[in-house]
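Quick notes on the structure that follows.
The values are calculated or read from the model by the stated rules, or taken from the named source; none is laboratory data. For clarity, every value in this text was computed on a predicted model and none was experimentally measured. Every residue, glycine as well, gets a Cβ built from its backbone with ideal geometry; the counts of neighbours run over all protein chains shown. When the accessible area is computed, the model is the full protein with side chains, heavy atoms only, and any ligands, DNA or RNA have been set aside. Shrake-Rupley method; radii C 1.70, N 1.55, O 1.52, S 1.80 Å.
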Amino acid sequence: EEGRALFAEKKYLEAAEKLEEAADRWPDSPLAEDALFLRAESLFFADEYPEAQDTYGALLKEYKNSRHLDTVTKRLFAIGKYWEEMYFRDPHWPVTPNFTDGTRPRFDTFGRALRAFETIRLEDPTGPLADDSMMAIATAYFRRGRYEDAAIFYDLLRTEYPESEHQAKAHLLGLKSKLRSYQGEYYDATPLRDAEEIADQTLRQFRHQLGPDAGLVRESRRRIGTFMGKQSGEI
């Protein structure tokens, strides 16, 4: 109750201390679940995002299907997006330490953002933010230039969440990821064959949603077909 009162007064760091003590004293109880959740909320509103992420994660690990799951996934998604944008504004090596900004992890801002999205995907795979998290992971990798990783998650999104609002964009960016991960005629042609299939699916299912990108997909499909035909003829 002391922790709740401090939280209501917006004394978030003081509240977090009390709530941590409550969770430690009464483990494996509804009180501990609520205390962990409210402690994470206190840290979130105190802008202590790394510790908040850790506490949300501990809550979900300890209490599967927690009654606080919907709020926790919203918080983790917000933290992940904040860190993703922070990283792309100021890219840095994962081992470069942060000693001054409490909103940012000590190390590896990009990796911690991905972990936030991944926690949502694993702990709430049928929830409202599961496909958003998958899309966020894929697009973060795409922005980073890690096209093979991006392609994996665009593939997962297309197959595991067929009703997602991100389907058209996942097809388009998945196509681009496959093309950019292809290393040339002396390497494995699997990405190119996958790109050909995705291009066909994209034009068949989403041609009216693509706008100017429809021309890009058609041209990519034509070039892939020409190249694959050439390779087949050579064989």
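A few notes on this one:
- Each pair of Cα atoms in the stretch 1-45 enters the Kirkwood radius, and Stokes-Einstein at 25 °C and 0.890 mPa s then converts it into a translational diffusion coefficient of 251 µm²/s.
- Largest GNM mean-square fluctuation across 154, 56, 87, computed for the chain with C-alpha springs under 10 Å, falls on 87.
- Per-peptide average of other Cβ atoms within 10 Å, ordering 91-100, 64-73 highest first: 64-73, 91-100
- Carbon and sulfur %, accessible surface of the chain computed with the full protein complex present, 1.4 Å: 50
- Solvent-accessible area per residue, Å², over the chain with all protein chains present [probe radius 1.4 Å]: 56
- Selection of GluC sites (Glu not before Pro), the stretch 162-220, meeting DSSP coil and at most 11 other Cβ within 10 Å: 163, 165, 185
- Centre separation in Å (Cα based) which lies between the stretch 121-179 and the stretch 198-231: 19
- Centre-to-centre separation between the Cα atoms of the stretch 1-43 and those of the stretch 101-120: 23 Å.
- With each label modelled as a point 7 angstrom along the Cα→C-beta vector, the residue 165-residue 201 pair spans 2.1 nm.
- Each stretch of four or more DSSP H residues adds -39500 (n - 2.57); spread over every residue of the chain, this sum gives -24000 deg cm²/dmol at 222 nm.
- Percentage relative contact order, the stretch 42-193, counting C-alpha pairs under 8 Å, at least six apart: 17
- Principal-axis tilt of helix 190-206 within the chain, Cα atoms, nearest 10 degrees: 80
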